[in-house]
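**Q** Next up is a structure, given as structure tokens.
The values are calculated or read from the model by the stated rules, or taken from the named source; none is laboratory data. Fair warning: this is a prediction, and the values are worked out from it, not measured in the lab. Glycine also receives a Cβ, built like all others from the backbone with ideal geometry; neighbour counts cover every protein chain displayed. For accessibility, only protein heavy atoms count, side chains too; no ligands or nucleic acids. Shrake-Rupley method; radii C 1.70, N 1.55, O 1.52, S 1.80 Å.
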Amino acid sequence: MLKKFIPDYYYKTIEDIPYTKLYDDGIRLILTDLDNTLISYLEKEPTEALFAWKEKVEKMGFEIIIVSNSRKDRVEHFAKELGLPFVKFAKKPLLFGMKKALRLASKEYKKEEIMEIGDQLMTDVFASRRMNILTILVKAIDKKTEILPTKINRKLEHFVLSHIERRHARLYQQHLDAYVRDKDE
Ligand SMILES: [Mg+2]
């Protein structure tokens with residue numbers, strides 16, 4: 001069970017993810033979280049950097065779909081501005097929203113072709129491990145602005161991290177140590 005909270009890889013930001021290698025490994029579809037993964041809660045519009053990221057990643061041959069737990073209109077606004085399909089109120093770690101996202105994709109992808117990017121263990125990592133797809137954890141862009149449900153999830157995350165460290169020391173070292181070092185800086 002604890003292993004369902006361990007990502008395959010951790011990178012500090014979406015920019016640090018090695019897309020070329022992942023493409024070579026056969027990944028074609030990116031399901032991505034929105035808040036604190038692509039943008040901070042404070043942003044009202046997509047940033048130049050985010051537009052550039054989207055262009056770059058699409059040009060490489062990836063399809064991108066936003067899967068957000070937020071039910072706010074901002075999800076739709078950002079997705080439309082960026083020109084990306086989206087699912088809001090996805091209820092990760094339940095799989096309902098993730099599966100809905102797959103139905104929005106331009107074609108049917110195999111599990112080995114899909115990866116998920118997110119900033120939370122309890123929602124993003126857990127959902128994509130349950131889906132059995134490649135799981136990438138990034139550092140939250142701006143933790144200070146996190147909303148209450150996320151703050152609660154962070155407390156659970158802290159608890160889960162300490163258990164993983166004790167029970168699966170080697171996996172913790174490989175997949176989470178850098179995240180833990182970065183996350184509160
Ligand atoms: Mg998030």
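**Q** Return one whole number: the accessible area per residue of the chain in Å², for a 1.4 Å probe. Please report the intermediate quantities before stating the final value.
**A** Details: 9620 Å² over 185 residues.
About 52 Å² of surface per residue is accessible.
**Q** From largest to smallest, what semi-axes in whole angstrom does segment 2-180 give when each is the square root of 5 times an eigenvalue of its alpha carbon gyration tensor? Intermediate values should be presented prior to the final figure.
**A** On the way: eigenvalues 111, 73, 48 Å².
The three semi-axes for segment 2-180 are 24, 19, 15 Å.
**Q** Please give me the summed charge of the neighbours of ILE30: other residues whose Cβ is under 9 Å from its Cβ, Lys and Arg +1, Asp and Glu -1.
**A** -1
**Q** Can you give the angle from 0 to 90° between the axis of helix 73-82 and the longest principal axis of the chain, with both taken from C-alpha atoms, to the nearest 10?
**A** 60
**Q** Return the sequence-ordered ³J(HN,Hα) values of segment 122-139 in whole Hz as given by the Karplus equation 6.51 cos²θ - 1.76 cosθ + 1.60 applied to θ = phi - 60°, using x for Gly and Pro.
**A** 6, 10, 5, 5, 4, 4, 6, 5, 5, 6, 6, 10, 4, 10, 10, 9, 10, 6
**Q** OK, next. If we sort 78-88, 51-61, 128-138 on the protection proxy, mean other Cβ atoms within 10 Å, highest first, what's the order? Kindly include the intermediate steps, with their values, before the conclusion.
**A** Numbers: 78-88: 18.0, 51-61: 13.6, 128-138: 21.9.
Going from most to least packed, we get 128-138, 78-88, 51-61.
**Q** Related question: Any idea how many Lys pairs in segment 1-71 come in under 27 angstrom at the alpha carbon, given 8 or more places apart or on separate chains?
**A** So the count of such lysine pairs works out to 15.
**Q** Could I ask something else about it? Could you grab the relative contact order for segment 2-180? Cα pairs under 8 Å, six or more apart, rounded to a whole percent. Working shown, then result.
**A** Numbers: 299 pairs, mean separation 57.1, N = 179.
Relative contact order, segment 2-180: 32 percent.
**Q** Report in % the part of the accessible area of segment 2-180 that belongs to carbon and sulfur, leaving out ligands and nucleic acids; probe 1.4 Å. Walk me through the intermediate numbers first.
**A** Numbers: 4920 of 9000 Å².
Solvent-exposed carbon and sulfur of segment 2-180 make up 55 percent of the total.
**Q** Of the peptides 7-18, 166-177, how do they stack up when ordered by the mean number of other Cβ atoms within 10 Å, highest first?
**A** Details: 7-18: 16.8, 166-177: 14.5.
For the peptides 7-18, 166-177, the packing ranking is 7-18, 166-177.
**Q** Counting only helical runs of four or more DSSP H residues, what would the 222 nm mean residue ellipticity of the chain come to if each run contributes -39,500 (n - 2.57) and the total is spread over all its residues?
**A** On the way: 8 runs with 77 residues, N = 185.
Taken over the chain, the calculation gives -12000 deg cm²/dmol.
**Q** For a quick check: with amide H placed at 1.01 Å from N, whose amide H comes under 5 Å from VAL67's, ignoring anything fewer than 5 positions away on the same chain?
**A** THR32, ASP33, LEU34, VAL87
**Q** Regarding segment 1-94, what whole-number volume in Å³ per residue does the convex hull of its Cα atoms give? Display every interim value, and only then the final one.
**A** Values: hull volume 10.7 nm³, N = 94.
Spelled out: Cα convex hull of segment 1-94, divided by residues, is 113 Å³.
**Q** Ordered by residue, what ³J(HN,Hα) values in Hz, to whole numbers, does segment 17-25 give under the Karplus form 6.51 cos²θ - 1.76 cosθ + 1.60, where θ = phi - 60° and Gly and Pro are x?
**A** For segment 17-25, the Karplus-derived couplings read 5, x, 4, 4, 5, 5, 5, 4, 6 Hz, x marking Gly and Pro.
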